[in-house]
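Student: Before I ask anything, here is the structure I am working with.
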Amino acid sequence: MSDNNQIVYLNGEYLPLHQAKVSVLDRGFLFGDGVYEVIPVYGGRPLRLEEHLTRLENSLSGIRMQPPLAWDDWKSILDKLIVGTEDQSVYLQVTRGVAPKRDHAFPKTPVAPTVFAMCTPIAPIPASGVSAFSVDDIRWKWCHIKAITLLANILLRQMAVDEGCAEAILIKDGYAIEGAASNLFVVLNGTIITPPKTNDILPGITRDLVVEIARENALPLEERDIRNEELHQAEEVWVTSAMREILPIVQLDGQPVGNGRPGAVWDRMNELYQHHKALLRNNPA
Ligand code: PDD
């Protein structure tokens, strides 16, 4: 839960959350015309900050916006917002700003972007795993852009919640590609498999870290497409994100995944991931 008095950043100012206000003409509000980032923070230190800022700049470039701030400016905003050493995440959002009137096309005279940042606590993940449900992907063709225009993702996640599930696994042209707000991994015959980074999915920072950790520890891993049938035959299914780390899916479409408990490969990967986090926690900046 966000604390109404917590300090957030809005357009150059630091102010309590309840005082942070944006115009109704903001293009983020009217059109979802903006991008965002979610950066996990452990022991007061952001995980993979450079990678997150690079992805933010890629998302901005994908929607034809210039970066509103330099990396050092982002770093100093994070330094001011991150309080304490509890697990938390920083949310960054940049919209195309407040135009003089509602018009789909970009404002003729450029306006200042709206820049917002806040911290949110990260809840521990349920280590016993969660249920998921598979559903046809109804999103657009540029899912590599971390756009705030999340209506399709929200509807897909809510369909999963309505089924008593924690995540929706999206199926596109017969392939399982990612979660509604997470990347996808399966284990088949002992090999970890995750789909390659294309415009169909968000290039997850957690995903890349999991791939890196697997390679460093000689765990068999392939980046390749996962057929829907393979998703349903997998010994293990996990989803990854900044907020959910590596979350085991123990039930898919009402059927147990493997033996219905988090698998041995997840156990090992999670141990390695937690070790990586602990290094960050134990080495204050
Ligand atoms: N979502 N795919 C989608 C569609 C996502 O929305 C996310 C993250 C991911 C995982 O990316 P990362 O590992 O960098 O968090 C993959 C964030 C957490 C959100 O929308 O809140």
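Per-residue answers, yes or no, for (1) assigned to a loop (DSSP other than H, G, I, E, B); (2) more than 18 Å from residue 242 (Cβ to Cβ); (3) free of Cβ contacts under 8 Å to residues at least 12 places away in the same chain; (4) among the β-branched types (Val, Ile, Thr):
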| residue | (1), (2), (3), (4) |
| --- | --- |
| 18 | no, yes, no, no |
| 36 | no, no, no, no |
| 40 | no, no, no, no |
| 53 | no, no, no, no |
| 73 | no, yes, yes, no |
| 85 | yes, no, no, yes |
| 94 | no, no, no, yes |
| 115 | no, yes, no, yes |
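Student: Mind counting the residues in segment 55-64 that are surrounded by fewer than 17 Cβ atoms within 10 Å (Cβ to Cβ) and either closer than 20 Å to residue 200 by Cβ or within 11 Å of the ligand (Cβ to nearest atom) (or both)?
Tutor: Total satisfying the criteria: 3.
Student: I've got another one for you. Would a scan of segment 246-263 turn up a residue that is of a type outside the set (D, E, K, R), within 12 Å of the ligand (Cβ to nearest atom) and not assigned by TED's automatic domain parsing to the domain that holds residue 88? Give the steps one after another, and end with the answer.
Tutor: Here is the first cut: in segment 246-263, the ones of a type outside the set (D, E, K, R) are 246-252, 254-260, 262-263.
Checking the rest, the ones that are also within 12 Å of the ligand (Cβ to nearest atom) come to 246-247.
Subsequent filtering for residues that are not assigned by TED's automatic domain parsing to the domain that holds residue 88 retains 246-247.
Looking for residues that are of a type outside the set (D, E, K, R), within 12 Å of the ligand (Cβ to nearest atom) and not assigned by TED's automatic domain parsing to the domain that holds residue 88, one finds at least one in segment 246-263, hence yes.
Per-residue answers, yes or no, for (1) within 16 Å of the ligand (Cβ to nearest atom); (2) modelled with pLDDT under 95; (3) among the small types (Gly, Ala, Ser):
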{"residue": "72", "(1), (2), (3)": "no, no, no"}
{"residue": "79", "(1), (2), (3)": "no, no, no"}
{"residue": "87", "(1), (2), (3)": "yes, yes, no"}
{"residue": "94", "(1), (2), (3)": "yes, no, no"}
{"residue": "98", "(1), (2), (3)": "no, no, no"}
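Student: Still on this structure, I have one more. If the requirement is being modelled with pLDDT of 95 or more and near the ligand (Cβ under 10 Å from one of its atoms), which of these qualifies: 205, 193?
Tutor: Numbers: 193 fails: near the ligand (Cβ under 10 Å from one of its atoms).
Step by step, each of 205, 193 is checked, and only 205 is modelled with pLDDT of 95 or more and near the ligand (Cβ under 10 Å from one of its atoms).
Student: Report yes if residue 223 is among the acidic types (Asp, Glu), surrounded by fewer than 20 Cβ atoms within 10 Å (Cβ to Cβ) and within 16 Å of the ligand (Cβ to nearest atom), otherwise no. Write out each step before concluding.
Tutor: On the way: among the acidic types (Asp, Glu): yes; surrounded by fewer than 20 Cβ atoms within 10 Å (Cβ to Cβ): yes; within 16 Å of the ligand (Cβ to nearest atom): yes.
Yes.
Student: Tell me whether segment 182-197 contains one or more residues that are of a type in the set (D, E, K, R), closer than 26 Å to residue 124 by Cβ and surrounded by 15 or more Cβ atoms within 10 Å (Cβ to Cβ).
Tutor: Step one: of segment 182-197, the residues of a type in the set (D, E, K, R) are 197.
Okay, now just the ones that are also closer than 26 Å to residue 124 by Cβ, so none.
There is no residue in segment 182-197 that is of a type in the set (D, E, K, R), closer than 26 Å to residue 124 by Cβ and surrounded by 15 or more Cβ atoms within 10 Å (Cβ to Cβ).
Student: What's the number of the only condition in (1) of a type in the set (D, E, K, R); (2) over 20 Å from residue 29 (Cβ atoms); (3) surrounded by fewer than 16 Cβ atoms within 10 Å (Cβ to Cβ) that residue 137 fails to meet?
Tutor: With respect to (1) of a type in the set (D, E, K, R); (2) over 20 Å from residue 29 (Cβ atoms); (3) surrounded by fewer than 16 Cβ atoms within 10 Å (Cβ to Cβ), residue 137 is out only on (3).
Student: I'm trying to understand the selection: among the residues of segment 177-186, which are touching a residue at least 40 places away in the same chain (Cβ under 8 Å) and part of a loop (DSSP other than H, G, I, E, B)?
Tutor: 181
Student: Closer than 29 Å to residue 90 by Cα and surrounded by 23 or more Cβ atoms within 10 Å (Cβ to Cβ), is that true of residue 236? Lay out the reasoning, then the answer.
Tutor: On the way: closer than 29 Å to residue 90 by Cα: no; surrounded by 23 or more Cβ atoms within 10 Å (Cβ to Cβ): yes.
The answer is no for residue 236.
Student: Something else now. Please work out if residue 212 is assigned by TED's automatic domain parsing to the domain that holds residue 248, more than 9 Å from the ligand (Cβ to nearest atom) and charged (D, E, K, R). Step through it out loud before you land on a result.
Tutor: Details: assigned by TED's automatic domain parsing to the domain that holds residue 248: yes; more than 9 Å from the ligand (Cβ to nearest atom): yes; charged (D, E, K, R): yes.
In short, yes.
Student: Can you give me the number of residues within segment 232-285 that are within 19 Å of residue 177 (Cα to Cα) and among the small types (Gly, Ala, Ser)?
Tutor: The number of residues fulfilling the criteria is 3.
Student: Also, I was wondering about something else. Check 36, 42 and return the single one that is within 16 Å of the ligand (Cβ to nearest atom), under 20 Å from residue 97 (Cα atoms) and surrounded by 17 or more Cβ atoms within 10 Å (Cβ to Cβ). Full working, then the answer.
Tutor: Details: 42 fails: under 20 Å from residue 97 (Cα atoms).
36 is the lone residue from the list that is within 16 Å of the ligand (Cβ to nearest atom), under 20 Å from residue 97 (Cα atoms) and surrounded by 17 or more Cβ atoms within 10 Å (Cβ to Cβ).
Student: So, in segment 117-134, exactly how many residues are outside any strand (DSSP E or B) and either within 14 Å of the ligand (Cβ to nearest atom) or surrounded by 19 or more Cβ atoms within 10 Å (Cβ to Cβ) (or both)? Walk me through it before giving the result.
Tutor: Of the residues in segment 117-134, the ones outside any strand (DSSP E or B) are 122-129.
Right, trim to either within 14 Å of the ligand (Cβ to nearest atom) or surrounded by 19 or more Cβ atoms within 10 Å (Cβ to Cβ) (or both) and you get 122-123, 125, 129.
Final tally of qualifying residues: 4.
Student: So, in segment 149-176, how many residues would count as being under 15 Å from the mean Cα position of the chain (by Cα), farther than 22 Å from residue 248 by Cβ, crowded, with 16+ Cβ neighbours inside 10 Å and not polar (S, T, N, Q)?
Tutor: Residues that pass the stated criteria total 1.
Student: Sort out which residues of segment 151-176 are assigned to a helix (DSSP H, G or I) and among the small types (Gly, Ala, Ser), and write them in order of number.
Tutor: Step one: filter segment 151-176 for residues assigned to a helix (DSSP H, G or I), giving 151-162.
Across segment 151-176, the qualifying residues are 152, 160.
Student: Looking at segment 260-269, can you tell me whether even one residue there is more than 26 Å from residue 40 (Cβ to Cβ) and either modelled with pLDDT of 95 or more or out of contact with any Asp or Glu (no Cβ under 9 Å at 6 or more places or on another chain) (or both)?
Tutor: Applying the first criterion (more than 26 Å from residue 40 (Cβ to Cβ)) to segment 260-269 yields 260.
Those still in the list that are either modelled with pLDDT of 95 or more or out of contact with any Asp or Glu (no Cβ under 9 Å at 6 or more places or on another chain) (or both) too: 260.
So far as segment 260-269 goes, yes, one or more of its residues are more than 26 Å from residue 40 (Cβ to Cβ) and either modelled with pLDDT of 95 or more or out of contact with any Asp or Glu (no Cβ under 9 Å at 6 or more places or on another chain) (or both).
The values are calculated or read from the model by the stated rules, or taken from the named source; none is laboratory data. Every value quoted in this text rests on a predicted model; they were computed, and no experiment measured them. Note that we place each Cβ from the backbone using ideal geometry, even for glycine, and neighbour counts take in every protein chain shown.
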